[in-house]
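Quick notes on the structure that follows.
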Amino acid sequence: MNKFRRIILSASCLLCAFSMQAFDADDIISPSNGTWANRQALVLDGSDGSELYYSLTGSDPLESGFAYDGPVLIDETGSVTVNITSVNANGIRSDFTVNYTVEPASVTFSDPHESLFVQAVSSNPIRRYVSGNNFDIPSRFTWCLGNPVIPSSKGTSLTLSAYNCVDRYVACTVTEGTAYWHFVLHVVPQEQKELVLIAPDVPFTLEDWNTFVFTGEKLIYQIDDEFWSASKEPVILDRSVPHVIRWQSMNYEFGNPVHDFILPAKPELSVSREKDGYVAFSVASDSNFTLGPARSGGEGCVTSSAAAQQRVVCDTFSDDSLYAVMMLGVYYRGVYQGDLRSPFFVDRKIPQVPVIASSEKAGYARNRVRLLISGESDSEIYYAVSEPVLSDSGFSSDREALFASVEAGEFGLYDGSEIVLSSRARKATYYKVCAYAKDAAGNQSDITEYHVVVDEFNYYLAPSAASVNEGAVADGSYTNPFTSFEQALDAMAHSSFMRLHVLGDIVLPHGDTVISSPVYLVGSDSHIIIPDDARIVVKNSDFSAEGCIFERSVPRYASRSTDSLLVLEGGSLTLKRCEVVGSFASDGVLIDASDALIGLVETGFTVQASSYAAVLAGSSCEVSVSGCRLTATAQSAVNITLSKSVLACTLTDATIIMHLGRCVELVDSTAKVYNCVLTAQRTDNYSGSVAIWKDIDSTLSAYANEEHGF
């Protein structure tokens, strides 16, 4: 059962037992317990018909207090006690006490609107509000309506329908964060032109619909087809059916006019909830009906305080509700017929803001994020997820301005299912998720936002970060980066792909650093120092690097018969805009590959050894070299040596410094070498070196190359 239906059922019960209502603490509109920066007003709701009394001296209000007959300014500061006593129709007494303190605030406002607002509510805590106008609360303040509540809504313009016909008082509290101001809004209708239907001068009155009293002098009357009479005794009519009232002069003369008036059957008071949230009352059966202020007591009811209209509207402010019984006077062709009442509920209470629950912390997540949104049971939730914003760098700079510019997109009804946010295209991905609640009355909550960067792939390695983020857990995020390559290796083992941003110089651990999952190193001329007893070994995986300087330290001894810096056992290698430098004691190869796909772009390679040196030695590989610089120095030196492989080499400078050497060496391979500069610098007069050597099983296409020193 939704909220509105529950309220209507409750209101129906209220209508049946409205006479049992009594004045209670909720009818004390002002003052309210608390500490206030402004003087307070005494405003009580005595619509139940109780007699009300009050005192400000601590005495018994019935003995030495005052009768309450309307709002009163309590011109007191400091600690104030207000005693209130109500006496209902049965003579039963009830007592209430309100304790509050007035401490004028010493708050300085630079904005004149804020200053004027505070001055106004401080000088007069009862603010007259005319329906349809705006009551502006400056944006610096938060506010709430009613007692007792905590201000939480941001400053706004309060307004309600210009057609509102109900006069009432509403408590309001505002704060700028330190001081609190409590005051009352006195809601009054706009002046409206009275709708007067042709109202004949009828010689009778009606009381409570059924009681007819003839008031004509020297006149006789007839009800329907009954006998004519001049009696002024009350007549009880059945108003479930219409009646015809006729009258004429007692002095019968030929042609004497007979006047008549039709009394309609008692109608139903129609209550409709309009799309703007207010409630409208009307008698829909006949346009001759109008509605105006009730004439009977109507304890516990509200009524219109505006002139007679065919349609009476009741409204209240945003984040307020009015739950009551409306009693209205009903007129037919301008003649009062009686009062009608109906329960109603104006619901402008703003629903609670939905809660977005996440599987990961807001702001940054290493894994895909799962969201669930919850709200009040009688509200629907609408949500929107922004288009993903992608970044290779993980949004390491200017992120706040970027995120603020992201639009959430169109809202849709949330069905309660899990919302999954994940990285896209192996990049850091930013999402903005927004949600609001909407109740059955159409009231909408504020929008809540959830921001997250889902970055399953971007990690950061910064050895110097330990001193900056002392005590933080190094999770590889931009704010808490890894501080050693060993930490990154541990994360690699649990990652399907890692883009590792190297911020500063690092030293790899001794021995083999095994790469078995895809890794992309991104540096800014960052030095990656490889000890002389260490290697990077890629096993059936992808290893890429950009902007890095790989440097093998000068060896102290020969640790292997053929030493290497980077070993590929299947998988792929991509180097772009890097430098690779290696020194070896005896034999050395920078890249030793088998069954691999290799792409070298705009990268410099320098290898030096005493006996044998090679930049790239590959078997069963597919190699692409473009815009690179290759230098090999040893007794026997070669830049690229391939077996059972495919090579495409262009725009590359290849240099060998040696006794015997070759720039390119092919065994049972296919190669295309063009637009390259191939240079030999001999250490003696031996002339057995060639720029490109191939065996009989190899196929070579070489053109537009330059050869020097061969």
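The values are calculated or read from the model by the stated rules, or taken from the named source; none is laboratory data. This structure is a prediction, so every number in the text was calculated from the model and none was measured. No Cβ is skipped: glycine too gets one built from the backbone with ideal geometry, and neighbour counts run over all protein chains shown. When the accessible area is computed, the model is the full protein with side chains, heavy atoms only, and any ligands, DNA or RNA have been set aside. Shrake-Rupley method; radii C 1.70, N 1.55, O 1.52, S 1.80 Å.
Please list 271, 170 in order of solvent-accessible area, largest first, computed with a 1.4 Å probe with all protein chains present.
271, 170
Between helix 112-123 and the chain, what is the angle of the helix's C-alpha long axis to the longest principal axis, kept within 0 to 90° and rounded to the nearest 10?
40 degrees
Rounded, prolate or oblate: which one fits segment 393-548, using the alpha carbon gyration tensor with axes a ≥ b ≥ c (rounded when a/c is under 1.5, else prolate when a/b beats b/c, else oblate)?
Here segment 393-548 falls in the prolate category.
Mind ranking 375-388, 289-302 by how tightly packed they are, going by the mean number of other C-beta atoms within 10 angstrom, highest first?
Result, highest mean first: 289-302, 375-388.
Testing the spin-label approximation: label points 7 Å from Cα along Cα→Cβ at residue 295 and residue 94. State their distance in nm.
For the pair residue 295/residue 94, the computed spacing is 3.1 nm.
Could you pull out every one of the aspartates and glutamates with an alpha carbon less than 15 Å from that of residue 694, ignoring same-chain neighbours closer than 8 positions?
665, 668
Please give the contour-minus-distance gain from residue 210 to residue 274: 0.36 nm per residue of separation, less the Cα-Cα distance, rounded to one decimal in nm.
Between residue 210 and residue 274, full extension yields an extra 19.8 nm.
Rounded to the nearest 0.05, what FRET efficiency do residue 116 and residue 415 have when you use their Cβ-Cβ distance and R0 = 41 Å?
E(calc), rounded to 0.05, equals 0.30.
Between residue 510 and residue 683, how many nm apart are label points set 7 Å from Cα along the C-beta direction?
Here the modelled spin labels are 3.0 nm apart.
Run the accessible area of segment 93-210 with a 1.4 Å probe and give the carbon-and-sulfur part as a rounded percent.
With neighbouring chains kept in place, the figure for segment 93-210 is 49 percent.
Tell me, what % of the accessible area of segment 377-505 is carbon and sulfur with a 1.4 angstrom probe?
Within segment 377-505, the accessible surface is 46 percent carbon and sulfur.
Using helices alone, I'd like the mean residue ellipticity at 222 nm for the chain: each DSSP H run of four-plus residues gives -39500 (n - 2.57), total over residue count, nearest 500.
Mean residue ellipticity at 222 nm (helix-derived): -2000 deg cm²/dmol.
When a/c is below 1.5 the answer is rounded, else prolate if a/b is larger than b/c, else oblate, so apply that to the chain with a ≥ b ≥ c taken from the square roots of the Cα gyration tensor eigenvalues.
In terms of gyration-tensor shape, prolate.
Once Lys and Arg get +1 and Asp and Glu get -1 on their Cβ, which of 372, 123, 403 lies farthest toward the positive end of the dipole of the chain?
Value computed over the given set: 403.
To the nearest Å, what is the center-to-center distance of segment 664-690 and segment 96-164, using C-alpha atoms only?
88 Å
Which stretch or stretches of segment 527-554 have amide N atoms under 17 Å from the point lying 7 Å from residue 569's Cα along the Cα→Cβ direction?
Correct set: 534-543.
On average, how much accessible surface per residue is there in the chain, in Å², for a 1.4 Å probe, leaving out ligands, DNA and RNA?
47 Å²
With unit charges on the beta carbon (Lys/Arg positive, Asp/Glu negative), name the residue among 526, 309, 549 whose Cα is farthest towards the positive pole of the charge dipole of the chain.
The listed residue farthest towards the positive side: 549.
Once you charge only the Cβ atoms, +1 for Lys and Arg and -1 for Asp and Glu, what is the size of the charge dipole of the chain about its Cα centre, to the nearest 20 debye?
1140 debye
Report the one residue of 223, 498, 236 whose Cα lies farthest in the direction of the positive end of the charge dipole of the chain (charges on C-beta: Lys and Arg +1, Asp and Glu -1; origin at the Cα centre).
498
Output the antiparallel fraction of DSSP beta bridges having both residues in the chain, as a percent to the nearest 5.
Once the DSSP bridges in the chain are tallied, antiparallel ones form about 45 percent.
To the nearest 20 debye, what is the magnitude of the charge dipole of segment 30-98 about its Cα centre, counting +1 on the Cβ of each Lys and Arg and -1 on the Cβ of each Asp and Glu?
160 debye
Counting pairs of alpha carbon atoms under 8 Å apart in space and at least six apart in sequence, what relative contact order in percent does segment 258-378 give?
Over segment 258-378, the number comes to 21 percent.
Report the Cα centroid-to-centroid distance between segment 59-83 and segment 259-304 in angstrom, as an integer.
38 Å
Quote the accessible area belonging to residue 390 in square angstrom, nearest 10, computed with a 1.4 Å probe and with ligands, DNA and RNA left uncounted.
80 Å²
Using a 7 Å offset from Cα along Cα-Cβ at residue 353, what residues in segment 438-462 end up with backbone N under 17 Å from the label point?
Backbone N within reach: 438-439, 444-452.
Under unit Cβ charges (Lys, Arg +1; Asp, Glu -1), what dipole magnitude, rounded to 20 debye, does segment 612-710 have relative to its Cα centre?
So the magnitude is around 100 debye.
So for segment 503-600, averaging the separation of alpha carbon pairs under 8 Å that are six or more residues apart and normalising by length, what relative contact order in percent results?
The value is 26 percent.
Between segment 357-372 and segment 483-545, what is the C-alpha centre distance in whole Å?
27 Å
Any of 154/361; 539/672; 644/672; 275/349; 232/266 with alpha carbons more than 21 Å apart? Name them for me.
In this structure, 154/361; 539/672; 232/266 exceed 21 Å between Cα atoms.
Points 7 angstrom from Cα along the Cβ direction at residue 595 and residue 130: gap in nanometres?
So the label points at residue 595 and residue 130 sit 9.0 nm apart.
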